[in-house]
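What follows is a set of notes on a single structure, which appears directly below.
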Amino acid sequence: GLFMGSFAPYGYMRSEEDKHKLVIDPIASQVVKKIFELYVQGLGYYKITEYLNENKIPTPAKYKQQNGSKFVCSVCDYDNVVWNPDTIAQILRNEVYIGNLVQGKKTSMGYKVHKFKKVDEKDWCRIENTHEPIIDRKLFNFVNTKRSNKRKANHKCGNVFKGKSYVPELYSYK
């Protein structure tokens, strides 16, 4: 149950005594709790990002930079970086917030190839209760059931253009 990542997940920091242990970051953890709270209140990813940006809450990349981390985001303009819905979705589904370490979600396609492929969830390495949780397991499960139900509802609508259009250029095999 050792943390092996280069940088602690948002809401945590590495223990000063043991760099393989995660401890709660008292400031960022409050933001994580707020994100879960806002989602339970009915706000979607976009509205949560609006809230965080309007309240000038630093993004995870900006927060790491402000706190002296060696983390480098090659595509970030740290002066103008803002929260985005993908970050919110990642936080809401990350089991690290309930005290679990989950590793092996991706695998390299080869040591010379710098591409990764996703690994089936059944093959992930999940170790429970490795560190103090920020989010209660019951709240986490509620949020992720709600997220799952929303995704299923969105997929039921289907593609309204299915069978209605045909673009020959897209199907050319020349």
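The figures follow:
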{"item": "Ranked order, Asp18, Asp120 - accessible area, probe 1.4 Å, largest first", "result": "Asp120, Asp18"}
{"item": "Förster-model FRET efficiency, 30 Å R0, Val23 and Arg93, C-beta, rounded to 0.05", "result": "0.85"}
{"item": "Members of Lys19/Lys117; Lys64/Lys112; Lys21/Lys105; Lys21/Lys117 lying beyond 24 Å, as alpha-carbon distances in this model show", "result": "Lys19/Lys117; Lys64/Lys112; Lys21/Lys117"}
{"item": "Accessible surface ranking that places the most exposed of Tyr63, Tyr45, Tyr111, Tyr97 first, with a 1.4 angstrom probe", "result": "Tyr111, Tyr45, Tyr63, Tyr97"}
{"item": "Candidate aspartates and glutamates - alpha carbon under 13 Å from Lys33, same-chain residues fewer than 8 apart omitted", "result": "Asp25, Asp136"}
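The values are calculated or read from the model by the stated rules, or taken from the named source; none is laboratory data. This structure is a prediction, so every number in the text was calculated from the model and none was measured. Positions of Cβ are generated from backbone atoms using ideal geometry, with glycine treated the same way; all protein chains shown enter the neighbour counts. Heads up: the accessible areas ignore ligands, DNA and RNA and are worked out on the full protein's heavy atoms, side chains in. Shrake-Rupley method; radii C 1.70, N 1.55, O 1.52, S 1.80 Å.
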